[in-house]
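The values are calculated or read from the model by the stated rules, or taken from the named source; none is laboratory data. Note that the structure is a prediction, hence the values are computed from the model and not measured. Please note: Cβ atoms are built from the backbone with ideal geometry, for glycine as well, and neighbour counts cover all protein chains shown. In case anyone asks, the SASA skips ligands and DNA or RNA and just uses the protein heavy atoms, side chains included. Shrake-Rupley method; radii C 1.70, N 1.55, O 1.52, S 1.80 Å.
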Amino acid sequence: MKRILCIPLVWIFLLLHSCNKADVTSIEISQNDVYIEKLKALGFDLSQGFYEDDGGFIVENDIFLSKEDIDYHSNRKLLEVVKLHDLSTYASLNSAKAGGGKKSQYRTTNIVSFIDHSSYTKTISLYLDPSLNNVLGNGLDQAITRYNNLDIALKFIRVQNANVASIRITPADNSTPKKYLMKAGFPQSSGAPYNSILVNTNYYNNNTIRYDIASTLAHEIGHCIGLRHTDYMNRVFSCGVRPTPSNEGSGAEGAVHIPGTPTDGETNSFMLACSDGLDKPFTQNDILALKTIYPLKVPSFYVALSTIILEDRSSYSSCCDYNDYDVKYEAKFYKDQAGTIPYYPTSPFILRGALFHNNSLVQQLNINIPTGVQSYVFGTYTNTSVLEWGTTVSQDEYQVIVYPDYDLYLMR
């Protein structure tokens, strides 16, 4: 049997928060000493969350193992790990008695802000250090393709300039041994993704072929955009032997269950805490989680903002440009992004924007647009400025901008 590699994909920090479940007091089971010793040999910590139940035992609060199961694994001499699919089965068998079972998909409290003033998507650029090219580069291309094939609000590209990258992928300092394969963090409160992935070149380099390169890179990108480990509440699920602590805790980053994802273990998720060395393309529940967090919004219609000069009274002298003109700001609605098919709203909506004067906000605009109207005029304003020898010496300027909303898309 191929041995599962129990190497943490990422140890971002040591979380010392206690498990959310109420601790279950350990009890003495005098007649079952042999099974207690076998469970310890299989790597289970019996100091808490352990008790006898229905012809077997509950370990780690919510994993049920019958005596037959314990004998089976002990006889096969799996003294360091329990097979992942078996753990998934045990957890689901006794979920009602163990407090509801595992919730398999989690995100951090902060996620990447993906709605801006130009579109409903956000492009995340990734830079790969030149020393990590070839093998790592091919794996990164595969990871990017997997994300981009999902049609979510985040779009991923590679860039060659580290200074403009959203996420920089660089080798870790391996002067001292590292316990992780790769390492990343969680999104910032500003809405930006975490900006760094460190690669342990003792495992990933240009001379070593590993089947899990693409999925491990996708995993770390997942952390950067806010995904927690699928088994964050009990890493025994993927790591086999008990890490310390096995429950990573929600910490300041949070561990928010993603609606719609299942409540039992997700054996093949690319976001499991430990790798078995195999490639893990996104499962259906991984895809559901990403689409739930970052849905791609298809706009109902498009809005183009026009600046129309009504009268230009500008003049020029030997020293100065005198700019003086009346301008009209108008929003027009279209069915297509190219702006060739007019759109007439079939129901009222609110057009949101802002009026600025000399770059200072004057007023937020919330305009009620009725049905059957293909455009809206924000108003007519007079803008003036004087440039002396190319330098602005006075300015009186108005400007209107439009914000995208849930049903419209701003054209540029």
| How much length is gained if the chain between Asp151 and Leu310 is pulled fully straight, taking 0.36 nm per residue apart and subtracting their Cα-Cα distance, in nm to one decimal? | 53.0 nm
| request: Taking all protein chains together and a probe of 1.4 Å, list Phe186, Phe356 from the most accessible to the least accessible. | output: Phe356, Phe186
| Just the accessible area per residue of segment 157-236, please: how many Å² with a 1.4 Å probe? | 40 Å²
| query | Relative contact order of segment 158-236: what whole-number percent is it, with Cα pairs under 8 angstrom and at least 6 residues apart? | reply | 32 percent
| request: List the extent of the Cα atoms of segment 303-412 along each of their three principal axes, largest first, rounded to whole Å. | output: 54, 28, 19
| Of the peptides 266-278, 201-213, how do they stack up when ordered by the mean number of other Cβ atoms within 10 Å, highest first? | 266-278, 201-213
| task | Go through 221-231, 303-313 and give me the packing order, highest mean Cβ count within 10 Å leading. | result | 221-231, 303-313
| note | Taking 164-173, 281-290 and ranking on average Cβ neighbours within 10 Å, highest first, one gets 281-290, 164-173
| Per the 1.4 Å probe, what fraction of the accessible area of segment 300-374, in percent, lies on carbon and sulfur atoms? | 49 percent
